[in-house]
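S.K.: Dumping the structure here so I can ask a few things about it.
The values are calculated or read from the model by the stated rules, or taken from the named source; none is laboratory data. Just so it is clear, the model here is predicted, and its values are computed rather than measured. Methodologically, a virtual Cβ is constructed for each residue, glycine included, from the backbone with ideal geometry; neighbour enumeration extends over all protein chains shown. Keep in mind that these areas ignore ligands, DNA and RNA; they rest on the heavy atoms of the full protein, side chains included. Shrake-Rupley method; radii C 1.70, N 1.55, O 1.52, S 1.80 Å.
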Amino acid sequence: MSAPEIHIQFAPELALFVPHGRRSGATPLTTDGVSSLGHVVESTGVPLTEVGTLRVDDREVPRSYVPAAGDSVRVDPVTRPQQVPGAPLRFLLDVHLGTLARRMRLLGVDTAYESTDIGDPALATRSATEKRVLLSRDRGLLHRRELWAGAFVYSTRPDEQLHDVLDRFRPDLRPWTRCTACNGLLRAATREEVADRLESGTHRSYDVFAQCQECGRPYWKGAHHEQLEAIVERALAEFKGAAFKGAADA
């Protein structure tokens, strides 16, 4: 018996992952007759983290559907805002996304970050153990079965990366409530409480401080505050998160 052939079409948003020969219109694809449609789609190079609705002959089917000869398949991207059921919305970023991690923490989004390369298996396992959405530009990492949830970061520019993540997941925004260094929660602090961590000029020049409850790092409205304030204001203006005014940059 010959292997069944289907015709598969990918939405334009998924073109980045698809070989050039499959980017325009429906193209033929030979399957083994036993693999699920999810597996077939993934075998073309598209991470399932980026796949939304699957349609066969204009009817929606699950990823477990086994395609038959002659099926016409349409692969759509995830619907935005994407719902991530089963846990509070939290994130894990790989070693290449340090600036994005700091900006997400600036906005109060629970964001774990690995500053060293701990390897794909460890990252995927942490995603599953802590139920965090893994963000990465590594396509291979997003194919790992251990992942609890994941998403590809499409841009290399931090401003665009942040916009894309906020647009896709719409997390609650609580600016100035998390440590940008370790993700711990901040609390208001007096000058005396953080004095041993400040340089003499800072100690004399500022009155309002916060301190990370995890690592002890102090925060105040320093030289970079206006830049950080601009990032926060843009995010709140577009995504209407809840602002919690607290301390600012260290």
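S.K.: Specify the residue that is most open to solvent (accessible area, probe 1.4 Å); the eligible residues are those in region 194-241 that are among the β-branched types (Val, Ile, Thr) and modelled with pLDDT of 80 or more.
M.R.: ILE231
S.K.: Determine if region 36-44 includes at least one residue that is open to solvent by 30 Å² or more (accessible area, probe 1.4 Å), at pLDDT 95 or above, touching a strand residue (DSSP E or B) at 6+ places or on another chain (Cβ under 8 Å) and of a type outside the set (S, T, N, Q).
M.R.: No, region 36-44 contains no residue that is open to solvent by 30 Å² or more (accessible area, probe 1.4 Å), at pLDDT 95 or above, touching a strand residue (DSSP E or B) at 6+ places or on another chain (Cβ under 8 Å) and of a type outside the set (S, T, N, Q).
S.K.: Further question: Name every residue in region 13-35 that is free of Cβ contacts under 8 Å to residues at least 24 places away in the same chain and open to solvent by 80 Å² or more (accessible area, probe 1.4 Å), in order of residue number.
M.R.: Residues satisfying the conditions are HIS20, ARG23, SER24.
S.K.: Another one. How do the pairs read when you match residues in region 185-196 that are touching a residue at least 40 places away in the same chain (Cβ under 8 Å) and at negative phi with residues anywhere that are open to solvent by 90 Å² or more (accessible area, probe 1.4 Å) and part of a loop (DSSP other than H, G, I, E, B), using Cβ under 8 Å and keeping only pairs 6 or more apart or on different chains?
M.R.: The qualifying pairs are LEU186/GLN213.
S.K.: Out of ASP94, ASP57, report the one residue that is surrounded by fewer than 18 Cβ atoms within 10 Å (Cβ to Cβ) and of a type in the set (D, E, K, R).
M.R.: ASP57
S.K.: Could you list, in sequence order, all residues of region 161-178 that are in contact with a Ser or Thr (Cβ under 7 Å, 6 or more places away or on another chain) and open to solvent by 20 Å² or more (accessible area, probe 1.4 Å)? Can you show your working first?
M.R.: As a first pass, look at region 161-178 and keep what is in contact with a Ser or Thr (Cβ under 7 Å, 6 or more places away or on another chain): 161, 164.
The answer is ASP164, and nothing else.
S.K.: Being in a strand (DSSP E or B) and either among the small types (Gly, Ala, Ser) or over 23 Å from the mean Cα position of the chain (by Cα) (or both) is the filter here; which residues of region 27-52 pass it?
M.R.: Matches in region 27-52: THR27, PRO28, LEU29, THR30, GLY52.
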